[in-house]
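The values are calculated or read from the model by the stated rules, or taken from the named source; none is laboratory data. On a predicted model such as this, the values are computed, not experimentally measured, just so you know. FYI the Cβ positions are ideal-geometry reconstructions off the backbone, even for glycines, and counts take in every protein chain you see.
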Amino acid sequence: MRHRVALIGLGMGAAPHAQSLVDLADRVEVVAACARTAAHAEAFAARYGFAAASDVEALVRARHIDAVIIATPPASHLDLVERFAAAGKHILLEKPLELTLERSRAVVAACERAGVRLGVVFQHRFRPGALRLQALVEAGALGQLAAANVSVPWWRPQSYYDVAGRGTLARDGGGVLITQAIHQLDLFLSLVPPVVEVSAFATTSRVHRMETEDMVAGALAFEGGALGSLMATTAAYPGFGERLELIGTRGTAVLADGVLEVHLHDGRSERAGAAGGGGGGADPMAFSNDAHRAVLAAFLDAVEAGRDPVNSGRAALKVHALIEALLASSHLRKPVGLAMRGTSIIES
């Protein structure tokens, strides 16, 4: 039996979800594509052969829908999740969970109370190079972690932030960390020990006029003694591939723009993955839907198996806690400690 799914929110980020639903037509039946206005819903739905809808409440009540993909702005997530979860529908939610860590916890709690599965669209975890790196880390191939660095040197023109709500606290919850770098930070946290302390600077650079940060630099301390660094920006014209480095006692792995290179102390080396696909340039949607399709397929697998997906809501709380700690450190001008397992933040 195919899963009956509704796509809620048909803005810029909805296209890869729609194409993934088409690609997985043997596993899903798209009941409706829903936008706030009927005209927009009909135009979008016609491109993919879906039925159109503009009444969210009707979809909440629809008993024949068993899962929804929510791709609306972050400020709307808690309300929608609470309504759909209470109606017993599994939820695949576009990042971020919500505007703040507190509201993000409420999103997770709503799904746990209702007993529905919650997956978060962190597609960078599902790219081939990242999957191979995950397998190497789990196998202990790199040994114990000595250092870990992450860099997101992306570009967004001023016209991107001139769109109403972009880069604002009220709609997006922040700037480069919660909107762009969150993908790579989620992947990063899935590969390293818990972060225990951060010291960071966040600013709005001279490149952009916007409410929130477009540049963040930070130092990280991990459980077990490893150290690391973080840099994220949308001011790096014309946009470059994100980079992640893991330095261990047995070797080093570098995942740069989707391509993994591994060099072990015993002389072995390997290369995996494919370049591109991060959306780091002026066009945020300049990537294929391959990773989104993998996210959807893994979510369906988890629903069928009665378990949480690896990109669960509770896992996503870790990246929200890190983001909040980085910004708190910048604001307080001092280090901030984290208890990542409980996703709490502690001022040092």
Quiz prompt | Hey, Phe84 buried (at least 22 other Cβ atoms within 10 Å of the Cβ), more than 25 Å from the chain's Cα centre (by Cα) and touching a residue at least 24 places away in the same chain (Cβ under 8 Å) or not | solution = no
Exercise. Considering (1) among the polar types (S, T, N, Q); (2) assigned to a strand (DSSP E or B); (3) out of contact with any Asp or Glu (no Cβ under 9 Å at 6 or more places or on another chain), say which one Ser288 fails and leave the rest.
Key: (2)
Practice problem: Take the residues in the stretch 173-198 that are in contact with a Gly (Cβ under 7 Å, 6 or more places away or on another chain) and assigned to a loop (DSSP other than H, G, I, E, B), then tell me which one is surrounded by the most Cβ atoms within 10 Å (Cβ to Cβ). | Solution: Gly175
Quiz item: Given the conditions (1) modelled with pLDDT under 95; (2) buried (at least 16 other Cβ atoms within 10 Å of the Cβ); (3) polar (S, T, N, Q), which single one is not true for Asn311?
Solution: (1)
Quiz item: Can you tell me how many residues in the stretch 211-265 are surrounded by fewer than 19 Cβ atoms within 10 Å (Cβ to Cβ) and among the polar types (S, T, N, Q)?
Solution: 3
Quiz prompt | Every residue from the stretch 9-29 that is modelled with pLDDT of 95 or more and either small (Gly, Ala, Ser) or over 22 Å from Phe287 (Cβ atoms) (or both) | solution = Gly9, Ala14, Ala15, Ala18, Ser20, Ala25, Asp26, Arg27, Glu29
Practice problem: Go through the stretch 91-138 and give me each residue that's among the hydroxyl-bearing types (Ser, Thr, Tyr) and in a helix (DSSP H, G or I). | Solution: Ser104
Quiz item: Hey, any hits in the stretch 100-111 for a residue that's surrounded by fewer than 19 Cβ atoms within 10 Å (Cβ to Cβ) and on the phi > 0 side of the Ramachandran plot?
Solution: no
Quiz item: Only one residue in Gly277, Gly239, Gly267 is over 19 Å from Ser190 (Cα atoms), assigned to a loop (DSSP other than H, G, I, E, B) and modelled with pLDDT under 95. Which one?
Solution: Gly277
Quiz item: Which one of the conditions (1) free of Cβ contacts under 8 Å to residues at least 12 places away in the same chain; (2) outside the structural domain of Ile323 (by TED's automatic domain parsing) does Val68 fail to meet, given that it meets all the rest?
Solution: (1)
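Residue-wise test of (1) over 13 Å from Ala146 (Cβ atoms); (2) not aliphatic (A, V, I, L, M).
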site	(1), (2)
Arg209	yes, yes
Thr212	yes, yes
Phe222	no, yes
Gly239	yes, yes
Ala253	no, no
Gly258	yes, yes
Quiz item: How many of the residues making up the stretch 24-47 are surrounded by fewer than 17 Cβ atoms within 10 Å (Cβ to Cβ) and either outside any loop (DSSP other than H, G, I, E, B) or under 19 Å from the mean Cα position of the chain (by Cα) (or both)?
Solution: 8
Exercise. Just name the residue that is surrounded by the most Cβ atoms within 10 Å (Cβ to Cβ) out of those in the stretch 6-23 that are in a loop (DSSP other than H, G, I, E, B) and out of contact with any Asp or Glu (no Cβ under 9 Å at 6 or more places or on another chain).
Key: Leu10
Quiz prompt | Answer residue from the stretch 172-226, given it is out of contact with any Leu (no Cβ under 8 Å at 6 or more places or on another chain) and of a type in the set (D, E, K, R) and is nearest to Glu94 (Cα to Cα) among those | solution = Asp186
